[in-house]
Amino acid sequence: MAKKSKSPDSSTPASSPPAKVNRSVSNQATREKTLGKILELGKSVSKSALAETDPFVDVPSRTMSNTSYNEVRRLLQMGDATLRRNLFNTGQARKFMQMVLLSKGCKDLLEAQKTLSLRGMYYMSLHTIAGTKEKTFDDQEESDGILEDIEVAIATLRENLHLFAKKRGTMVGNITVVDNGDSIDCRRMGTGGYAIPSICEPSVVQFGKCDAKFVLHVEKDTVWSRFNEDRFWEKHNCILTEGSGQPPRGVRRLLYRLNKELGLPVYCLLDCDPWGHYIYSVIKQGSINLAFESERMAIPDAKYLGIRSGDFVRCELSDDVKISLNDRDIERAKQIAEYPWFIKKKHWQKEIQLMLRNGFKMEVESLITKDISYVTETYVPERLKAKDWID
Amino acid sequence: MDASQQTDSKKSSPRRRGATAEEMSEKQREISVSEFFAKNRHLLGFDNPRKALMTAVKEAVDNALDACEEACIMPHIYIELLQRSETRFKVTIRDNGPGIVRKQIENIFGRLLYGSKFHRLKMSRGQQGIGISAAGMYGLMTTGQPVLIISKTSKKKPSVEVLLKMDTSKNRADVVSETEHPEDDGLFPDGHGTQVSIELEGRYQQGRQSVDEYLDQTAIANPHAHFTYVNPSNETIEFKRGTNELPPEATEILPHPKGIELGTLIQMIERTERTQIGGFLQEEFSRVSPSVSKDICERAGITGRTWVKQIGHKEAEAIYKAIQEARIMSPSTDCLVPIGTKALLSGLLKEVKAEFFTACTRPADVYRGNPFLIEVGLAFGGELPKDELIRVIRFANRVPLLYQQAACASFKAVLETSWKNYGISQSRGSLPDGPVVVMVHMASVWVPFTSESKEAIADYDEIRKEMKLALQEVGRKLGIYLRRRQRMRNEGERRSIFERYIGEIAQATASITGTSAKKIYESLLRVAKRKTEEADAVLNDEGKRVRDSDPFGKDDSVVILPGRVAIAQADSDDDSSDDSDEGSKKSASGTAKTLFGDDDAPSKKPRTRKKA
Ligand SMILES: Nc1ncnc2c1ncn2[C@@H]1O[C@H](COP(=O)(O)OP(=O)(O)OP(=O)(O)O)[C@@H](O)[C@H]1O
Ligand SMILES: [Mg+2]
């Protein structure tokens, strides 16, 4: 994937597939801009060091309290609150060191014009600090957290730092994409589907011929396989995606672009539980954690198709499919109901209240108790036809 | 028996008949003390082979120290354990004391309850006149070998060597052989001294309650003595002196009236050479002035002129009662020679690898008319084990007490002290735990032991109270030190944290910006130094007492070895507490992350499958 590009600046228009194979990981302008930001961070550190003062980096705070919902744009936005991270503070010194260390790692990566997984970056910066038994990172989680801090601190995106997460998510459907120069026909992906890359920036993935009229996004690959086997995307002329639970950034970015650039509506088929509701919320409004990315990922028009609390009665499901809500579920459900983007929506309030009243949750698979293909042949087509969804 | 049954057939069913008084009288005779103790050797500390070996060494070494001090000689004592077989040893102890005159050798080493220390009130290690002869007797009983004594009393006289065999039935010793050594046997370079060798059944095992532990602790309480110890593996261990000052000689005192029991009073009245009771009281007791004597007599309904001969049991009891009621000054306490905080500290310093030392000597007090004083030493940290109960080492007149800890007043006093107040954790009813050695010393003209084997101090209220006061005093100092150490540690940690990361930061920054890594490093180092100046000032001069803002100022009872503090610190680097706003290792994402997990983290959907 990480091949060196001969002409790094040439990026192809999204609509037409390129004649010449373009295998650039990012365009030069973006790269130089990102490099400039890292240099700025470095300079601020060396400047305060040479002036013999306490070096610091301001990291925008990624907490709920610093996240607000923009009602006009219908997405989550990060506020202005920042946390100052100082070197000469015992609780922050290590993190400060890690930030500088990873910044340097990203700089090397950008200069080499290669990409690396988060894990790869963790290993690249992992070593024992000279004269101690202490490692620069305890685990990848520590490094991942710092990389997110860097993203927000220098106001860039992970993709621009040439980093990607573990690949998760699959796609099939009436569309051809060009991935790093290779044309991929998503109508001919067999049972496995096209693995959605972690970086779905236009510089890497471009859209080719697309006949699909909408996108159906399902929560996990078991359900996705059912739809694929039943050739749902063919019958209903759509694109079928799956995000292995909480969709990773690559999947969200791709959904966003399908929606934005190709104008395809996005329908979600998720479990009837707080987790499913949260996934929908993230797809629609963005995540609290990564609110700074909402603008390029949130799909305010995404619809929630199901399954819903009322389906237990409506679809005449058996008691066997009930899974009791635990205390944590109840607590989460109440939290979600309070989200500013849900609080004014009667349907959502009703939906969550009903789930709480029911006292149980249901998985999409519960529809299989009706019939193996009930979900693909009856449930989804009926809902789509009746425009029966919640927004 | 048969005969008696025949003669005594009147009673209904007398299958057996008891012996008559006459018959019994044939068997009634004096039991010699030595016979008694031969049968009850556990009373003297010879209950098992391992303990017996330690006790034999202890009796001889205690005597050697007593003799040297009484003769104002800096003790140098040689101890050798020669292993003959698994369970057989030859124990030899040689001192550079005054030696023993020839005619006393049989008595000292052959008779129990023969000694110079029982009939006087003077602080010394031995007090009963049993110790060394009991050791010899035990040796003879278990191996059949006589005791060998070599003694030299002056440069001019040759040393005499006597082989002694004790006759327990007579509490006497028979001389097996007697020879004179040539001038230059090399045993007594000082020209005088005593050597005792005893063959005995024993078992050698290091660790708690061993000969080695006895010697370790003796060295702590007697820093003025030099010990040369050759152990059964033929290794020589030197316990060097910690001080070159001989402790001042203890003075002898008369008994105090309040410490006398009725029986002893009657005995003293029977034995006195005084003729009148007033003279008896004034001359044979301490703190009895003519007016006190008058007061006692009046209360007892007699006069000072009453003849001693006329005092019967009734009068003696009246006098005894009067003594209890009368106001009598406490005995003088200058007869006590404390080890002293300075010597205590030097003893602890050379034998205990700790970082903090403190000691305290209490003013003298009185129990049952006997003056006594309590001293406590405490060592903390350094190489002492961290996860164990604290160690209490006990001494009476500078002699370590290795057995019967739980029965000892000092142990109870340690239990009753609230160590939590001083930063040491303690669960109810048990010893506190932590890297601490507490040493408790009781000095007295008569130490009230719970048994003849001198293993535990009896639990008098006055004694325990003094012990607790002393423990509280050292405890308070430990508390001050621990709080201060915590503060220093925080400072020190701060500095080391910064220094640890500065190298990494300098390199990475240099690689981003192209500025010289060395320059950045040096600048940051200067900032780090400045930011932690306070900690620097305290930690830099290792091995010396902490100077700046030292809470102990010129307190001579405290010694701190910062060099050992550093060792302890390196071990516990990890359990430092964080004092920042971002304590945990989470990133700035905070609450959102804990609630819903990271978008990119593998999706784990926590679920419990339970049917409704
Ligand atoms: N190494 C020695 N040098 C000089 N005198 C000694 C030595 N060992 C013993 N003595 C004398 O012998 C006496 C008897 O000693 P022994 O150990 O039997 O009794 P003790 O020390 O008086 O009392 P305890 O039974 O409490 O030990 C002592 O009181 C002392 O006068
Ligand atoms: Mg003795």
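The values are calculated or read from the model by the stated rules, or taken from the named source; none is laboratory data. All of these numbers come straight from a predicted model, not from anything done at the bench. Glycine also receives a Cβ, built like all others from the backbone with ideal geometry; neighbour counts cover every protein chain displayed. Keep in mind that these areas ignore ligands, DNA and RNA; they rest on the heavy atoms of the full protein, side chains included. Shrake-Rupley method; radii C 1.70, N 1.55, O 1.52, S 1.80 Å.
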Whole number please: convex hull volume per residue of the Cα set in the range B:257-325, in Å³?
71
Put +1 on the Cβ of every Lys and Arg and -1 on every Asp and Glu Cβ in the protein assembly as shown; which of A:A49, A:C238, B:A359 then has its Cα farthest towards the positive end of the dipole?
A:C238
About its Cα centre, the protein assembly as shown carries a charge dipole, from +1 on Lys and Arg Cβ atoms and -1 on Asp and Glu Cβ atoms, whose size in debye to the nearest 20 is 2560
Distance between the range B:18-46 and the range B:156-227 - C-alpha centres, whole angstrom:
30
For the range B:148-228, listing GluC sites (Glu not before Pro) in a DSSP loop whose Cβ sees at most 14 other Cβ atoms within 10 Å gives B:E183
As an exercise, take the mean of 1/r over every pair of distinct alpha carbons in the protein assembly as shown, invert it, and state the Kirkwood radius in angstroms.
37.3
Using alpha-carbon coordinates, inclination of helix B:49-70 to the longest axis of chain B, degrees
80
Calculate the spin-label point distance for B:E245 paired with B:Q209, positioning each point 7 Å from the Cα along the beta-carbon direction, and give it in nanometres.
3.7
Within the range B:353-569, what percent of beta bridges assigned by DSSP are antiparallel, to the nearest 5?
80
Angle between chain B longest axis and helix B:262-271 axis [Cα atoms, degrees, rounded to 10]
50
Suppose we keep just the alpha-carbon trace of the range B:383-512; what are its Rg and Dmax in angstrom?
21.8, 81
How about B:K454: which aspartates and glutamates have a C-alpha closer than 13 Å to its C-alpha, ignoring those fewer than 8 places off in the same chain?
B:E59, B:D62
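Go through A:K284, B:K165 and list them by solvent-accessible area, largest first, probe radius 1.4 Å.
Details: A:K284 0, B:K165 90 Å².
Listed by decreasing accessible area, they come as B:K165, A:K284.
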Given charges at Cβ of Lys, Arg, Asp, Glu: the range B:353-569 dipole, positive-most of B:G514, B:I424, B:A528:
B:G514
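Total Å² of accessible surface buried at the B-A contact, 1.4 Å probe, nearest 100? Provide the component values of the computation, followed by the final result.
Working: alone 32440 and 18410 Å², together 45090 Å².
Buried area between the two chains comes out at roughly 5800 Å².
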Per principal axis, largest first, the Cα atoms of chain A extend in Å by 72, 54, 42
Looking at the range A:128-161, which trypsin sites (Lys or Arg not before Pro) are DSSP coil and have at most 10 other C-beta atoms within 10 Å of their C-beta?
A:K133
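At a 1.4 Å probe radius, which order do B:T303, A:T63 fall into by accessible area, largest first?
Final ranking, largest accessible area leading: B:T303, A:T63.
Within 10 Å of each Cβ in peptide A:92-104, how many partner chain Cβ atoms are there on average? Round it to a whole number, please. Present the calculation step by step, with values, prior to reporting the outcome.
Details: counts 5, 10, 6, 7, 4, 9, 5, 2, 9, 7, 1, 4, 9.
That average works out to 6.
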Alpha carbon centroid spacing (whole Å) that separates the range A:328-360 from the range A:154-233:
31
Using a 1.4 Å probe over the heavy atoms of the protein chains, calculate the carbon and sulfur portion of the accessible area of the range B:211-324 as a whole percent.
46
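Summarise the partner chain shielding of A:45-58 as one whole number: the mean count of Cβ atoms from other chains within 10 Å of each residue's Cβ.
On the way: counts 10, 14, 4, 4, 14, 7, 2, 7, 2, 4, 6, 0, 0, 0.
Neighbouring Cβ atoms belonging to other protein chains average 5 per residue here.
When the dipole is taken about the Cα centre of chain B, and only Lys, Arg (+1) and Asp, Glu (-1) are charged at their Cβ, what size is it in debye, to the nearest 20? Please report the intermediate quantities before stating the final value.
Values: 91 positive and 88 negative charges, 366 e Å.
For chain B, the charge dipole is close to 1760 debye.
Assigning unit charges at the beta carbon (Lys, Arg +1; Asp, Glu -1) and nothing else, what dipole magnitude in debye, to the nearest 20, does the range B:257-325 show about its Cα centre? It would help to have the intermediate numbers written out before the result.
Details: 10 positive and 10 negative charges, 21 e Å.
It comes to approximately 100 debye.
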All lysines inside 27 Å of B:K531 as judged from Cα atoms, apart from same-chain residues fewer than 8 positions distant:
A:K43, A:K47, A:K95, A:K104, A:K133, A:K135, B:K518, B:K519, B:K544, B:K585, B:K586
If you count, for every residue in A:241-252, the Cβ atoms of partner chains within 10 Å of its Cβ, what is the mean?
3
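Rolling a 1.4 Å sphere over the protein heavy atoms, what is the accessible area per residue of the protein assembly as shown, to the nearest Å²? Don't skip to the answer; put the middle values down first.
Values: 45090 Å² over 1003 residues.
Normalised by residue count, the accessible surface of the protein assembly as shown is 45 Å².
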Taking a cut-off of 20 Å between Cα atoms, list the lysines near B:K294, but don't count ones fewer than 8 places away on the same chain.
B:K258, B:K309, B:K314, B:K321
Cα centroid separation, the range B:407-442 to the range B:457-498 (Å)
11
Dipole of the protein assembly as shown, positive end: most advanced residue of B:G563, B:P371, A:I154 [Cβ charges, Cα centre]
A:I154
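Carbon and sulfur atoms: what percent of the 1.4 Å accessible area of the range B:117-208 do they account for?
Working: 2020 of 4150 Å².
Percent of accessible area from carbon and sulfur atoms in the range B:117-208: 49.
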Quick one: how many Å² of B:S116 are accessible to a 1.4 Å probe, rounded to 10?
80
In degrees, nearest ten, helix A:249-262 long axis to first principal axis of chain A (Cα)
70
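Please label the shape of the range B:104-190 as rounded, prolate or oblate, based on the square roots a ≥ b ≥ c of the eigenvalues of the alpha-carbon gyration tensor (a/c under 1.5 means rounded; beyond that, a/b larger than b/c means prolate, else oblate). Could you put the intermediate results ahead of the total?
Values: a/c = 2.29, a/b = 1.22, b/c = 1.87.
Verdict is oblate for the range B:104-190.
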